[in-house]
1. Kirkwood hydrodynamic radius of the chain from all distinct Cα pairs, in Å?
2. Working from Cα positions, state the angle (0 to 90°, nearest 10) between the long axis of helix 2-25 and the longest principal axis of the chain.
3. Quick one: order SER92, SER42 by neighbouring beta-carbon count within 10 Å, fewest to most.
4. As a footprinting exposure proxy, order TYR20, TYR39 by other Cβ within 10 Å, with the fewest listed first.
5. Between 0 and 90 degrees, rounded to the nearest ten: what's the tilt of helix 63-72 against the longest Cα principal axis of the chain?
6. Working from Cα positions, state the angle (0 to 90°, nearest 10) between the long axis of helix 80-99 and the longest principal axis of the chain.
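A short reminder: the numbers here are calculations on the coordinates, not readings from a lab. Predicted, not measured: the structure shown is a model, and the values here were computed from it. Cβ atoms come from the backbone with ideal geometry, glycine included; neighbour counts cover every protein chain shown.
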Amino acid sequence: MGAMMGAGVGLTIGFIFGSYSIIRGGAGPRGALSTLSQYMLSSAATFGFFLSIGSVIRNDAPPQWEASRLQLSNPLIRSRMDGMAMMKARWSSEKKRESL
C-alpha cells in the first residue's frame, strides 16, 4: 500500500516539477514528452521506494501485539467498525437473554 501511495504522489510531484522545468528551461534534445516522463517515473520510483520501506517498518509487529494493543486501548479511540461490532454483539446477547 505504501508503494502505491508513494507512486501516486511521485507521479503528481514529477508532473508538477517536470512541467515547471520544461516551461522554464525548455524541453531539451529528447523532447517534452520524454523529459516529462523521465521526471515523473524517477519521482514515482523514489517516493514509492521510501514509502514502501516505511509501511514495512510500521507493520512489522507480530499480530499478537496488535491484538493486545486493541484490548488495552481506550474505547473512545477505537474505530467505528470496532464499535459497531461490539454494539451488535451486545444487542445479540441482550436478545438471547430476553428470549430465555
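1. On the way: mean 1/r = 0.0565 Å⁻¹.
The Cα-based Kirkwood calculation yields 17.7 Å.
2. 30 degrees
3. SER92, SER42
4. Numbers: TYR20 11, TYR39 22.
So the residues, fewest neighbours to most, are TYR20, TYR39.
5. Rounded to the nearest ten degrees, it is 60.
6. Tilt relative to the chain: about 20 degrees.
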